[in-house]
Amino acid sequence: MDGSIGISNLEKVYGEGTERTKAIDDLSFDIDGGEFVSVVGPSGCGKSTLLYIIAGFLDITDGTVSVDGTPIDGPGTDRGVVFQDYALFPWRTVKENVLYGLEEAGVPDEEADATAQRFIDMMDLSGFENKYPKELSGGMKQRVALARTLAYDPKILLMDEPFGALDQPLRETLQDQLIDIWGDLDKTVVFITHDVEEAVYLSERVMIMTRHPGTKKTVTEVDLDRSGPREDIVTSDEFTRKKNEVWRSLREETKSEVQP
Amino acid sequence: MDGSIGISNLEKVYGEGTERTKAIDDLSFDIDGGEFVSVVGPSGCGKSTLLYIIAGFLDITDGTVSVDGTPIDGPGTDRGVVFQDYALFPWRTVKENVLYGLEEAGVPDEEADATAQRFIDMMDLSGFENKYPKELSGGMKQRVALARTLAYDPKILLMDEPFGALDQPLRETLQDQLIDIWGDLDKTVVFITHDVEEAVYLSERVMIMTRHPGTKKTVTEVDLDRSGPREDIVTSDEFTRKKNEVWRSLREETKSEVQP
Amino acid sequence: MDVDVRSLGASSIVDSLKSIYSLVLLLVLWEAVTRMGLIYPYFLPQLSVVIHEFVVLVSTGQMIHAAYLTLMRAFVGLAGAAVAGVAVGILCARNALFEWFFDPLIKIGYPVPVISLVPVFMLWFGIGDVSKIIMVAVGTFWPIAVNARDATRQVEQNLIRSARMMGTGDRRLLWRVILPAASPGIFTGLQIATPIALIITFVFEMVAGGGGLGALEIAGVRGFNSAQTYAVIFAIIAIGLVLDRLLRAARTRLLDWT
Amino acid sequence: TGGGGGGGGGTPTINFNYVVPIENAASLLAVPEIRSELPNAGSAYELNVTRNSGTPTSLNQMAAGSADVVMTSTVSFASAVNQNAIPEGISVVGVDFWDASPENYDVSVFSAPDSGITEVADLEGKTVAVNALGTGVHSVYVKGLRSAGLTRDDVEFVEMGFPTYTAALNEGKIDAGIYPALFAVGARAEGFNHVFGSADVWSQQYPFTYATAAKRALNNKPDAMAAWAEDYGALFEYVRNNRSEAATAAANHFELPTETVESYFFTENDYHRDLTVDQDALQFIIDDLVELDFIDDSFDVTEHSTNEYQG
Amino acid sequence: MATNELWTPERIPDPFAGVAKLLFDWIPLLLLVLGWEVVSGRAVSESVLPPPTAVAAATVDLFATGEVVPHLAVSLLRVGVGLSLSIVVGVLLGIGMSQSEAVENFFDVFLSLIYPLPKTALVPLALLWLGIGTKTAVLIVFLACLLPIVMNANNAAENVDRNLIRSARMMGTSDRRLFWKVVIPATIPEILTGIRQAIPFAFISLISAELIASEQGMGRLIRDAGSLGRYPAMFATIVIISAVAYTAVYGFEQVRERVLVWT
Ligand SMILES: Nc1ncnc2c1ncn2[C@@H]1O[C@H](COP(=O)(O)OP(=O)(O)OP(=O)(O)O)[C@@H](O)[C@H]1O
Ligand SMILES: Nc1ncnc2c1ncn2[C@@H]1O[C@H](COP(=O)(O)OP(=O)(O)OP(=O)(O)O)[C@@H](O)[C@H]1O
Ligand SMILES: [Mg+2]
Ligand SMILES: [Mg+2]
């Protein structure tokens, strides 16, 4: 199991009769195990739809989507989703949220506890173990969500605008944390965002989708040296070039449709 | 009346006793009439507080804030605020919202109607006159809010993260519209944002505030040629340089405090 | 207006005095006016007489027994309705067949003034405890079912998805996610239903007798002993207040995560 | 129901409440055909007739000022006097019917034919129906139980409406029920056992239900009240002389079978009916109710009754 | 909301689809009524549960003879007057309490006392003061409806979006006018919600008051029919008053939707 994802000729249609909307049209795209891929595209182009199909939450209308070569069949613990609105269980404390996946997997209590604590620490949440989600700020909630997903160790992380509701400085901090995790834990990441800078900063490849019904428009390879501090990366020429490239491609799709 | 704003040694304290928080500390800053100034700063540094003080919604603890040389005394029709959450009257249609300030000023019906229609057209809202705010998207609501404020012709526009809730492409469209308006209507604009790119793209000067309790940290002059299309501006060297300058200055303030 | 009598911290004593002065004023006025004979005593006995009557009713055990009967009927009925209402509500929200069957029934049944069925229940089940308990259960079923249904419907899709992706199966989903996520709404249903349970019990007791606070209260009027009626109303206010506090306390305790 | 009457120079209004149609003879005042035979109604006063569910309700109406004359029975009358419920007080102005009369029908307890309950002692431990606890009807039970050395705790009382007794007895839900004259027609037709009647346990007949007036009304509109009392007497006269027409009109008005009404009304199957307020008999029953624990204190009935309005 | 996966209307042409859907949705009710018809007279005695046909006949009869008309009229009057009073007083009190601390301090304690009290427990007291009948019923309906309306109005008036008030001020609205221009319109949706919550309580208290202390009205008619063994008429009266309550609740919802086009 290496966490590769294969999408070929994917088509997704919502509703029936007059309500029928084609959300995704003939999309093919392959993601290698351990790769970090971002997806950008105009609002409503089908990014979330794509992600939830990979997660197994939605049925597909046509084509195939497979993980490690096996067509997907519903949600599975090999994939973990991080939602923009966190989707934490509000009745569980931070610790209990992180423990959830481990409980469901039947991990013995002590081991589960240790694992949970490790990810809580990793996400700088120590000291907040017994807080309920309502007591946390948005940034901390998203860290808990990340810790919860990492704790049961899915091979693939699917992230739907996870930092969309956070403000710039917090976003940047979490982006850097995510890069660290990805470096350490060897996950495949599919990351959806509206923010071109974020996409370029984080990922090895950025897929730009056409507007509704969405399909693959272009894919930009980003080959950044991410070893230095953020300051150096975002002020590098390569970064600016890639950013402008993605931005221009995306702008072609969005420009004509934002008039009221 | 030219719409200049003078702030000297401003101090603002909220609450009393143990609840006492100093939000703004010894801030001095002058804005010329007709100038476009952005304010950026870490979350909670007092940006909104500053704006609402200028608007006359909040009392000041110490120092002076004057408009056209006269200390402010409560809200007045010489200033107009555009809120992040729009603050449209939900029970009034688009047209009725835009008419509100004109009604309050006692402008005769026919004249008011013509004025309102002019700003509705200017903001690309024609055809939506009789819609209620709930029927509009976020971007359109913010346009209505802008039209409403412009209609009663305040000399000073105070904008508190007006595009913060919109997604990137919409933001860009509205930014361009705002620049056009500013060019045409000769207003003083104080614009609060979290987005450094937005601040640099829009304004002649960017004031960076220190973190809580906030005061002026640095002010960056931006001298861009804004006559070309957006593509040219944002890919220009001057833009990138200024952006990095502001970003670095802001990052010094935010970096150390985003840990949980 | 959240009626709040929770804490009387040092700083809030002044506040509570401020808000309680009108009550004190009213009570003093009551005693004064009745002592001066400005109001015919049968309509409004002296406050002291009512208090005395209250003490007598409590010390002879009459009041305690009546309160026991009333509360027993209200709560046994409520418990039945809670079990049935929550089950039906959740099934309605999660199962298309149940939804199809129960939705129109709930739509029709909810606005029916259940209290009008008192004579029917007297006919069907007599006037004893059973009849009252069933009536309470029927009357409180609707708000409980509706709230449970709506709360379950509003469980966030992404919570369910989160659980599924972490390996929770269909069967366990109910206990692991749906019930806890819907519990605030379910509790709200119980909070709405509790006063309704009391209303039904009181009215039934007044109409059909068989003891209880409602019967004791109406007996005051039937026997021309208005002090007894007032004393029972005091008891009812006290019970209402205590129940309300208890429910709120239970809510903050059980649902402290909301 | 309207408010107080008789202001401002017009004809005064008298608000009158009864409880049981036909059994309360005064209920016939509500029958238009019969009212038109009376000398004063509609001229000396306007009559506003309402039916109430119980005598305490009627007295409470009177307390609240919206009734002038109401039908009361022993227990509610005595309680209201004892508790000073009605401002300015009340006074009995005419007796509607009497109980425990040896020649006439009385309030009686019946049991189902195969129940084996034939005398008071058989009632021990049984479930017995009563219209409402604490009423004059209830006191008949207690008096009966006393006569056999039992107390009210030796039976299980259940409250239910008179019309539902017969079905309840037949279905075995109750062992015995107490029947006033009107409903006894049905009980006798069913062949139920007569367990005992009030005439068996009381040594003398006593006023069971009477017209009680608010003293406030007697003081404020004396002429109208006198005219009403005269009509009440005239009603008795008229019914005695035109029994069958009156029974038919009443049966139609109250939607009851004509034969039922005809077969008992103002016959020996009915209660003894004599308007005169016998203050000794009234005093006797009030004292007896104290004895039976239905009221706390006795009082002097001469202060709360009068024959001033009789003929 | 009532749509569900059981209903797959692709094959039905459009004009009929709506009607068919409506029928489909109400089948359960039909089933219930049919079941009732079958059970009545077989499993349970007709006198205990008269069949729907008998109840329907009794309903028609109640109207044909006009027997129900005065009762229905008086009940409607009571519920109408009681509810209207509670709306007027409730809105004034709710908004008044939000605007003035003195008003709030004075009434708060009374509201906290009647809040947990099931209002029907006051029927005997009302009976004492007002006698039986319309005044008592109106008072009880009024008290029962008052609290939801006061609480919703007060809550809304205290929580008017601060930025709406600021918007109005910056456009030159004075304190006095602010109340009418912003506070009232911003509060209307919640007031209507309060009224919507009050309507079921209005009917419960109406019927309670009429069962206990009235010689007229639907509650009284139900009780009389029951105690005289006229069971079809009793059920018919319940059906009629339930239909009225149903119409009131859902009719009001329609009206509210129409009034609140902006929400
Ligand atoms: N459950 C649904 N039923 C019907 N249509 C849907 C449903 N969910 C999404 N759609 C439609 O499918 C299209 C793609 O939606 P999706 O949410 O995947 O877009 P997105 O790219 O994630 O948008 P955003 O950037 O706004 O999050 C849209 O046109 C949307 O209206
Ligand atoms: N009404 C208030 N009472 C007490 N403290 C307040 C109040 N409003 C703001 N503050 C405090 O004053 C400080 C400045 O708040 P302000 O809202 O002006 O910040 P901001 O820069 O606009 O933040 P953001 O970027 O999150 O909008 C914060 O510490 C905040 O907690
Ligand atoms: Mg999306
Ligand atoms: Mg702010």
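The values are calculated or read from the model by the stated rules, or taken from the named source; none is laboratory data. Values in this document were obtained by computation on a predicted structure and should not be read as measured data. Cβ coordinates were reconstructed from backbone atoms using ideal geometry, including for glycine residues, and neighbour counts include every protein chain displayed. Ligands, DNA and RNA are excluded from the accessible area calculation, which covers all protein heavy atoms including side chains. Shrake-Rupley method; radii C 1.70, N 1.55, O 1.52, S 1.80 Å.
If I fit a long axis through the Cα atoms of helix C:129-153 and take the longest principal axis of the Cα atoms of chain C, what angle between them do I get, 0 to 90°, rounded to 10?
In chain C, helix C:129-153 runs at an angle near 50 degrees to the longest axis.
Once every Cα of chain C carries one equal point scatterer and solvent is ignored, give the base-10 log of I(q)/I(0) from the Debye formula at q = 0.10, 0.12, 0.17 Å⁻¹, two decimals.
Per q value, in the given order, log10 I(q)/I(0) is -0.66, -0.88, -1.26.
Can you run phi through the Karplus equation (6.51, -1.76, 1.60; θ = phi - 60°) for the range B:179-191 and list ³J(HN,Hα) in whole Hz, with x for Gly and Pro?
4, 4, 4, 4, x, 7, 9, 6, 10, 7, 10, 10, 10
If you line up the Cα atoms of the range C:165-258 on their principal axes, what length do they span on each, largest first, in Å?
69, 25, 14
So if I place +1 on the C-beta of Lys and Arg and -1 on the C-beta of Asp and Glu, and nothing else carries charge, what would the dipole magnitude of chain B be about its Cα centre? I want it in debye, nearest 20.
880 debye
Could you give the size of the charge dipole of the protein assembly as shown about its Cα centre, using +1 on the Cβ of each K and R and -1 on the Cβ of each D and E, expressed in debye and rounded to the nearest 20?
300 debye
Which one of C:TYR230, C:TYR110, C:TYR21 has the biggest mean-square fluctuation once chain C is modelled by GNM with Cα springs under 10 Å?
C:TYR21
Can you pull out the GluC sites (Glu not before Pro) in the range D:144-250 that DSSP calls coil and that have at most 14 other Cβ atoms within 10 Å?
Taking the range D:144-250 and a limit of 14 other Cβ atoms within 10 Å, the loop GluC sites (Glu not before Pro) found are D:GLU171.
Say we join alpha carbon atoms closer than 10 Å with springs in a Gaussian network model of chain A; which of A:ASP59, A:ASP184, A:ASP195 then has the biggest fluctuation?
A:ASP184
Determine the distance separating the Cα centre of the range E:47-110 from the Cα centre of the range C:56-115; give it in Å without decimals.
Centre-to-centre distance over Cα atoms comes out at 22 Å.
First select every other residue whose beta carbon is under 12 angstrom from the beta carbon of B:ILE156; then total the charges, Lys and Arg +1, Asp and Glu -1.
Combined, the nearby Lys, Arg, Asp and Glu give -4.
Can you give the angle from 0 to 90° between the axis of helix B:109-122 and the longest principal axis of chain B, with both taken from C-alpha atoms, to the nearest 10?
Here the helix axis deviates by roughly 60 degrees.
Just the Kirkwood number for chain B, please: inverse of mean 1/r across all distinct Cα pairs, in Å, one decimal.
19.1 Å
Taking N as the number of residues in the range A:137-226, what is its Cα Rg relative to 2.2 N^0.38 Å?
Rg over 2.2 N^0.38 Å, computed on Cα atoms: 1.11.
Taking H as built 1.01 Å from N, whose amide H comes closer than 5 Å to the amide H of A:VAL13, not counting residues under 5 places away?
Those lying under 5 Å, H to H, from A:VAL13 are A:ALA23, A:THR61.
Select the chain A residue whose beta carbon lies nearest to the rotation axis carrying chain A onto chain B, and write the distance in whole Å.
Per the Cβ-to-axis criterion, the result reads A:THR240, 3.
Against the globular-protein guess of 2.2 N^0.38 Å, express the Cα radius of gyration of the range D:60-101 as a ratio, rounded to two decimals.
Ratio of Rg to 2.2 N^0.38 Å for the range D:60-101: 1.21.
If one puts a single equal scatterer on every Cα of the range B:1-84 and applies the Debye formula without solvent, what log₁₀ I(q)/I(0) results at q = 0.25 Å⁻¹?
So the normalised log intensities are -1.46.
Taking the Cβ of D:ALA211 as the center, what net charge do the other residues with Cβ under 12 Å away carry, scoring Lys and Arg +1 and Asp and Glu -1?
Net local charge, D:ALA211 excluded: -3.
Could you tell me how many degrees, from 0 to 90 and to the nearest 10, lie between the Cα long axis of helix D:243-254 and the main elongation axis, the longest principal axis, of the Cα atoms of chain D?
The angle comes out near 90 degrees.
Calculate the length of the line joining the C-alpha centroid of the range C:160-193 to that of the range B:114-170, in whole Å.
41 Å
Of chain E, which part is the longest with no GluC sites (Glu not before Pro) in a loop (DSSP not H, G, I, E, B) and with at most 10 other C-beta atoms within 10 angstrom?
E:11-263
Please list the three semi-axes, largest first and in whole Å, of the ellipsoid equivalent to the range E:59-106, using sqrt of 5 times the eigenvalues of its alpha carbon gyration tensor.
In descending order the semi-axes read 41, 7, 5 Å.
Quote the convex hull volume per residue of the protein assembly as shown, based on C-alpha atoms, as a whole number of Å³.
Enclosed volume per residue, from the Cα hull, is 225 Å³.
Leaving out ligands and nucleic acids, and using a 1.4 Å probe, what accessible area per residue does the protein assembly as shown come to in Å²?
40 Å²
Could you give the DSSP H helices of chain E that reach 24 angstrom or more along their long axis (alpha carbon positions) and whose average Kyte-Doolittle hydropathy is no lower than -1.0?
Membrane-span-like by this criterion, though nothing is claimed about a membrane: E:14-39, E:68-99, E:134-158, E:184-213, E:231-259.
Longest segment of chain E with no trypsin sites (Lys or Arg not before Pro) in a DSSP loop having at most 10 other Cβ atoms within 10 Å?
E:43-263
Antiparallel DSSP bridges in chain A: what percent, to the nearest 5?
Of the beta bridges lying entirely in chain A, close to 50 percent run antiparallel.
If I model a spin label at D:ASP300 and A:SER227 as a point 7 Å from the Cα along the Cα→Cβ vector, what separation in nanometres do I get?
With each label placed 7 Å out from Cα toward Cβ, I get 12.0 nm.
Give, rounded to the nearest 20 debye, the magnitude of the charge dipole that the range A:84-153 has about its Cα centre when Lys and Arg contribute +1 at Cβ and Asp and Glu contribute -1 at Cβ.
With only Lys, Arg, Asp and Glu charged at Cβ, the dipole is about 400 debye.
Report ³J(HN,Hα) in whole Hz for each residue of the range C:172-181, in order, from the Karplus equation J = 6.51 cos²θ - 1.76 cosθ + 1.60 where θ = phi - 60°; Gly and Pro get x.
In residue order, the calculated couplings are 6, 3, 4, 7, 7, 10, 5, 4, x, 5 Hz.
In deg cm²/dmol, rounded to 500, what helix-only [θ] at 222 nm does the protein assembly as shown give when every DSSP H run of at least 4 residues adds -39500 (n - 2.57) and the total is split over its residues?
So the calculated ellipticity at 222 nm is -17000 deg cm²/dmol.
For peptide A:78-89, compute the average count of partner chain beta-carbon atoms within 10 Å of each residue's beta-carbon.
Per-residue shielding by partner chains comes out at 4.
A:THR218's amide H: which non-local residues (gap 5+, or another chain) put their own amide H closer than 5 Å, with H modeled 1.01 Å from N in plane and none for Pro or chain starts?
A:ILE208
Report the semi-axes of the equivalent ellipsoid for chain D in whole Å, largest first, where each axis is √(5λ) for an eigenvalue λ of the Cα gyration tensor.
Each semi-axis is the square root of five times an eigenvalue, giving 33, 23, 16 Å.
Connecting C-alpha atoms closer than 10 Å in a GNM of chain C, tell me which of C:LEU23, C:LEU159, C:LEU97 has the biggest fluctuation.
C:LEU23
If each Cα of the range E:48-259 is one equal point scatterer, what is log10 of I(q)/I(0) from the Debye formula at q = 0.07, 0.13, 0.14 Å⁻¹?
Reported log10 I(q)/I(0), two decimals: -0.28, -0.79, -0.87.
Considering only C-alpha atoms, what is the centroid distance from the range E:118-183 to the range D:227-297, in Å?
Using only Cα atoms to place each centre, the spacing works out to 52 Å.
Roughly how much accessible area, to the nearest 100 Å², goes out of reach of solvent when E and C pair up, both sides summed, probe 1.4 Å?
Chains E and C together bury approximately 5600 Å².
Lys and Arg at +1, Asp and Glu at -1: add these up for the other residues within a Cβ distance under 15 Å of D:ALA129 and post the number.
After counting each charged neighbour, the total is -2.
Suppose you put the label 7 Å out from Cα in the Cβ direction; list, shortest first and in nm with one decimal, how far A:THR218 is from each other copy's label.
Result for A:THR218, in nm, nearest copy first: 3.4.
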